[in-house]
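The values are calculated or read from the model by the stated rules, or taken from the named source; none is laboratory data. Since we're looking at a predicted model, the values are computed, not measured. So basically every Cβ, Gly included, is an ideal-geometry build from the backbone, and we count neighbours across all protein chains shown. Calculation scope for accessible area: heavy atoms of the full protein, side chains included, ligands and nucleic acids excluded. Shrake-Rupley method; radii C 1.70, N 1.55, O 1.52, S 1.80 Å.
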Amino acid sequence: NPYTCRRAEGRISLDGKLDEAAWRQADILTGFLVAGEKTPATFQTIARLLWNDRFLYFGAELEDTDIYGLHTGHDSPFGGDDVIELFVKPDRQKPPYWEFHVTPRGATRDYFYARRGAGPNERWMVYDSGLRAAVTVDGTLNHWEDRDKGWTVEAALPWNAFEKMGGRPRAGDRWPFMASRYDYSV
């Protein structure tokens, strides 16, 4: 379905809270499904995209009763941690695409894939987009015996990250994208 990425009016402060007025103006993405099925996901995810002259912004509010994430830093191996991902492919006719990942501990990872299936992930991790992210957690991270409420992600991707495919979009351009989530709850 088409999604309109709106211009962020005013400053966005990367603090892991989607409390700026611009976020309230952003269209929302909902309807996340269980991978490989047509079943709605157990916990709600609400994602949003915004832009300004410097960044593409990605925000997400993730309901989660068991928030799990061990790793920190950039490009650390965090398979098994809860994660929100944004996939961006500026041209349906060309194979390159990007992936951007953020975990509840604020660990980030980014990939630029020249073509799907062109070697292991480690080959594409050398790419550094300049992704910055902040996360807030409403609960107790990594404590499966209590009941958490969720976590919020606020991320900024500099437009120069997209130079390999012609840079930032122009008004009216259509870029296919997908947001997905892994939730490793008990």
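Computed quantities for the displayed model
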| read-out | value |
| --- | --- |
| Selection count where residues are within 20 Å of ARG181 (Cβ to Cβ), open to solvent by 30 Å² or more (accessible area, probe 1.4 Å) and not in a strand (DSSP E or B), scope the range 127-136 | 0 |
| Selection count where residues are touching a strand residue (DSSP E or B) at 6+ places or on another chain (Cβ under 6 Å) and either basic (Lys, Arg) or part of a loop (DSSP other than H, G, I, E, B) (or both), scope the range 54-81 | 3 |
| Any chance ARG105 is closer than 23 Å to LEU49 by Cα and either at pLDDT 90 or above or among the hydrophobic types (A, V, I, L, M, F, W, C) (or both) | yes |
| The range 137-160: number of residues that are open to solvent by 40 Å² or more (accessible area, probe 1.4 Å), on the phi < 0 side of the Ramachandran plot and not aliphatic (A, V, I, L, M) | 9 |
| Residues that are among the hydrophobic types (A, V, I, L, M, F, W, C) and over 23 Å from LYS149 (Cβ atoms), drawn from the range 17-34 | ALA21, ALA22 |
| Selection within the range 26-47 - closer than 21 Å to TRP159 by Cα and open to solvent by 40 Å² or more (accessible area, probe 1.4 Å) | ASP27 |
| Residue in the range 12-31 that is assigned to a loop (DSSP other than H, G, I, E, B), within 17 Å of the chain's Cα centre (by Cα) and modelled with pLDDT under 95 present | yes |
| Matching residues, the range 96-126, being open to solvent by 30 Å² or more (accessible area, probe 1.4 Å), assigned to a loop (DSSP other than H, G, I, E, B), closer than 22 Å to PRO176 by Cβ and touching a strand residue (DSSP E or B) at 6+ places or on another chain (Cβ under 8 Å) | ARG116 |
| Complete set of residues in the range 155-167 that are assigned to a loop (DSSP other than H, G, I, E, B) and touching a residue at least 40 places away in the same chain (Cβ under 8 Å) | GLY166 |
